[in-house]
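Taking it in order: structure first as structure tokens, then the write-up.
Values quoted throughout were computed directly from the atomic coordinates according to the rules given, and no laboratory measurement underlies them. Since the model is a prediction, treat every value here as computed from it, not as a measurement. Cβ coordinates were reconstructed from backbone atoms using ideal geometry, including for glycine residues, and neighbour counts include every protein chain displayed.
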């Protein structure tokens, strides 16, 4: 069955829970997965590459797929669904699908603040560069037929355990400069999405503020049932991320529901569930 109004394409794995909460599908498979069925392709896939950013240098530094690579995969994806359902139905699926894009945090947190390779830009100039990269990505999606794009803001990166470890001093405090940078970026990205909504025909780009709810969870953890916000559940919770969280390092915490962060960069399942529910309630996102 072709579900033209219940399709989701993700540009980041962090919001994988969105598909389930929106009632689309419980699991959004990777486009590069080896066992994709026709049903998988017709109801939504993820083009995400962990560690990627709008800035192509971010992806190059950690040797993952760039956003341009993801666009190339999306072009291939279009051809595959045309072969399954025909051109007319495929175009309908593409235009009515919801495209969830979550990126930018690694650009500032890792590329700009942690490495020297973009320090020829002052912070304001780099933010403008990032917004230009982001805008090009949205316009590339638009030119390929996307009309419903959900853009998620940058989180309070100065409150992430990884950045507290990197720049928070011996006490691992929150890093105000990093959060201020995220606020600056979010403000400029919001303006750009508003501009695109006015200039691109029949597009709806919804800017979602994830910064505020995540910061609130970090600052008022007890209100959400959290007890630990300064480190992740896995490993020591101070520096481990993704693949470094494994059985060879150390066991995860006994009760992840007490932790806001799973590793030093990503929220726990509970954290993401609270966040997605908040965003859906605030912005009324749906694909029905």
query = Under a plain spin-label model, where a point goes 7 Å from the Cα along Cα-to-Cβ, how far apart in nm are residue 282 and residue 63?
reply = 3.8 nm
ask   = In 10 Å bins starting at 0, how do the alpha-carbon pair distances of the range 186-288 split up by percent?
value = 14, 35, 27, 18, 6, 0
query = To the nearest 0.05, how large is the calculated FRET efficiency for residue 114 and residue 38 if R₀ is 30 Å and r is the Cβ-Cβ distance?
reply = 0.10
Tail beyond 36 Å, pair distance distribution of the chain (Cα, percent) = 14 percent
message = Suppose each label sits 7 Å from its Cα in the direction of the beta carbon; what would the residue 209-residue 139 distance come out to in nanometres?
response = 2.7 nm
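On a full-extension model of 0.36 nm per residue, what is the gain between residue 26 and residue 198, subtracting their alpha-carbon distance, rounded to one decimal in nm? Please list the in-between numbers first.
Values: separation 172, 0.36 × 172 = 61.92 nm, distance 3.41 nm.
Between residue 26 and residue 198, full extension yields an extra 58.5 nm.
Sort 182-195, 74-87 by the packing proxy (mean of other Cβ within 10 Å over each peptide's residues), most packed first.
On the way: 182-195: 17.6, 74-87: 14.5.
Averaged packing, sorted descending, gives the order 182-195, 74-87.
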request  = Among DSSP beta bridges whose residues both lie in the chain, state the antiparallel percentage, nearest 5.
outcome  = 5 percent
